[in-house]
Amino acid sequence: MILERKGTVIEEVTLKDRFNALNNLPQFFKLVWQTSPALTVATALIRIVRSAIPVAILYVGKLIIDQVAHPTQGPADSHAYLWELVVIELILAVGSDVLGRATALIDSLLGDRFANYTSIKIMQHAATLDLEQFEDSTFYDKLERARQQTVGRTVLLSQVLSQVQDLITVTFLAAGLVVFNPWLILILIIAVLPAFLGEAHFNDKTYSLSRRQTPERRELDYMRYIGASDETAKEVKLFDLSGFLVDRFKQLSDKFYKDNKQLAIKRSVWGAAFSLFGTVGYYGAYVFIVYKAVQGSISIGDLTFLAGSFRQLRSLLEGILTRFTAVSQGAIYLKDFFEFFHIQPKIIPIGKSLSFPNPIKQGFVFENVGFKYANSENWANRHLNFSLAAGEKLALVGENGAGKTTLVKLLARLYDPTEGRILLDGHDLREYDLTDLRYNVGVIFQDYIRYQMTVSQNIAVGNIEEKGNTGLIVQSAKKSLADLLVQKLPGGYEQPLGKRFNQGVELSGGEWQKIALARAYMKDAQLLILDEPTAALDARAEYEVFQRFSELTKGKTAVLISHKFSTVRMADRILVLDKGELLEIGTHQELLQKNGRYAELFYLQAKGYQ
């Protein structure tokens with residue numbers, strides 16, 4: 001059966017798929033081993049020892065019963081031997097309990113370390129991926145499923161190890177039954193097989209349902225977040241959004257509940273039927289063993305040993321078969337985890353890359369550059385042909401959606417052109433060392449992140465390698481005029497910002513913007529890009545920031561995006577974009593004289609101040 005949702009095909013899992021999924025386990029255990037070799041070895045050895053204890057306890061119990069029923073020696077010796085057996089059984093029982101608790105402890109520790117280790121690997125791999133990939137919903141589904149596996153797969157670890165432990169125990173117990181009567185093993189398998197197949201079937205249904213629900217579950221989590229968050233509280237109250245958010249959350253959660261309820265009821269009904277079949281099979285074999293004891297073919301001790309072995313075998317086999325569906329299910333989910341790591345960036349360093357020029361000599365040249373987002377038919381930028389000279393300050397102007405931010409992302413090589421190329425000092429931008437390039441480009445976007453960290457850390461993210469360089473952090477704050485703000489804060493540069501954590505202080509939009517601007521000065525970047533850097537500043541603060549910016553970027557190349565023409569006219573040249581294409585380029589005076597789009601926008605804005 002094939003299921004489809006919004007163009008995504010999801011196949012239901014077959015038994016063959018389950019066995020194939022077990023091929024993911026070696027790679028999984030490689031990760032477990034990398035997490036902690038010592039804990040992995042410890043839990044494996046303890047489980048091997050524990051696997052032999054149930055058989056030993058049953059056998060000692062048989063000897064105790066036979067000794068009570070038919071003493072083999074004189075009364076004194078008989079009692080001594082009997083109590084020795086009792087002490088041995090006590091030691092085995094206590095040992096089993098102690099080892100069981102040790103196993104649980106080690107599994108818990110190993111599980112926590114595995115969850116942390118794999119979470120770090122996801123974060124590290126995500127950092128290597130392209131910005132464009134993060135803007136794709138399909139990628140986000142894969143990322144979400146990979147995140148879910150970091151915790152859920154710690155259970156898989158315990159399940160697989162328990163499976164191995166129980167298989168060893170089953171081998172010991174089965175050996176005793178085979179010696180007595182091989183047909184008992186066959187009866188046992190027939191009794192538990194239906195329950196196994198039923199469990200496998202409903203686990204398949206659960207897996208398919210879970211995958212189909214991934215996009216909506218992300219929406220559910222999002223609704224839960226914006227419905228109770230410090231970042232959204234103002235608008236939720238102001239626009240009275242609570243009812244809308246609650247209704248949408250209820251709609252989604254009710255749908256999930258309905259789907260899960262239907263599956264759970266079917267699973268419960270069929271599970272009860274299969275369990276009844278297994279119980280009847282078990283008691284059929286039990287009657288046969290009792291009959292043999294009544295005939296005198298076996299001793300009372302043999303009866304207890306065989307009945308106990310059969311009972312434990314049934315329980316273990318049910319557990320093994322049921323756990324197989326869970327293990328194979330977990331192994332299938334591992335595919336989601338490993339698939340995330342198979343996603344590779346398209347923007348990658350080349351073998352023999354060039355160092356970023358310091359200083360830039362000629363500048364940048366766009367040669368017929370075009371960029372189209374994945375799964376989009378429209379071009380974000382197209383037919384861009386212009387130059388950005390070394391030390392020049394270029395302003396980008398255009399209406400919202402004109403492609404300004406996309407252009408600077410191409411310049412910072414967050415994207416690679418879909419067509420054409422960008423040259424830097426005569427070499428394709430792709431020929432330069434990616435890390436070196438990113439270090440020499442300082443960018444502050446309009447949607448900068450307000451990190452719930454200290455002032456110092458918020459500024460240091462502009463060059464995190466210098467997070468301990470207090471002098472550089474203070475200097476960067478002075479350049480962005482954030483130092484005056486810091487002087488007013490109780491904790492100075494160590495003052496936590498934001499209200500998420502204790503003692504945090506919330507800043508105004510303009511204050512946050514000065515903190516973000518300080519990040520641009522943390523690096524001695526050859527190219528500075530500011531995307532709407534003063535949108536939240538008042539007129540005086542904006543003038544001061546740009547006066548300072550103009551002074552500090554002397555001899556450096558800079559690109560500025562702004563809707564304020566008082567800011568734009570400070571640039572050496574202005575590039576006007578319309579629907580992703582270059583419409584005009586020139587100085588402020590040249591564009592006014594041309595009386596084109598720039599002049600139209602300039603006079604419209606000027607009219608608003610009259």
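Every number in this text was worked out from the coordinates using simple rules, so none of it is lab data. Since this is a predicted model, take the numbers as computed values, not measurements. Note that we place each Cβ from the backbone using ideal geometry, even for glycine, and neighbour counts take in every protein chain shown.
Here are the numbers for the structure shown:
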{"quantity": "Gained length - Asp447 relative to Ser108, 0.36 nm times residue gap less alpha-carbon distance", "calculated": "118.0 nm"}
{"quantity": "Stretchable slack from His427 to Asp578, in nm (0.36 nm times residue separation minus alpha-carbon distance)", "calculated": "51.6 nm"}
{"quantity": "For the chain: span of alpha carbons on each principal axis (Å, largest first)", "calculated": "120, 56, 52"}
{"quantity": "Label-point separation, Asn385 to Tyr222 (7 Å along Cα→Cβ), nm", "calculated": "4.1"}
{"quantity": "Nearby lysines by direct alpha-carbon distance to Lys488 (threshold 16 angstrom, same-chain neighbours under 8 apart not counted)", "calculated": "Lys478, Lys514"}
{"quantity": "In degrees, nearest ten, helix 183-226 long axis to first principal axis of the chain (Cα)", "calculated": "20"}
{"quantity": "Quotient of Cα Rg and 2.2 N^0.38 Å for the stretch 404-534, N being how many residues it contains", "calculated": "1.16"}
{"quantity": "Thr418/Ala606 FRET efficiency (R0 35 Å; Cβ-Cβ; nearest 0.05)", "calculated": "0.40"}
{"quantity": "Karplus 3J(HN,Hα) series, Hz, for the stretch 360-367 with 6.51 cos²θ - 1.76 cosθ + 1.60 (x for Gly, Pro)", "calculated": "5, 9, 9, x, 9, 9, 8, 10"}
{"quantity": "Principal axis box of the stretch 2-342, alpha-carbon based, largest edge first, Å", "calculated": "91, 43, 39"}
{"quantity": "For the stretch 448-524, diffusion coefficient by Stokes-Einstein and Kirkwood Rh (Cα), 20 °C, 1.002 mPa s, µm²/s", "calculated": "180"}
{"quantity": "Computed label-point distance, nm, for sites Ala52 and Ala38 using a 7 Å Cα→Cβ extension", "calculated": "2.6"}
{"quantity": "Förster radius 25 Å - calculated FRET efficiency between Tyr291 and Val178, Cβ distance, rounded to 0.05", "calculated": "0.85"}
{"quantity": "Calculated from backbone phi, Karplus (6.51, -1.76, 1.60) coupling profile of the stretch 280-296 in Hz, x at Gly/Pro", "calculated": "4, x, 4, 6, x, 5, 5, 4, 4, 5, 4, 4, 5, 5, 4, 5, x"}
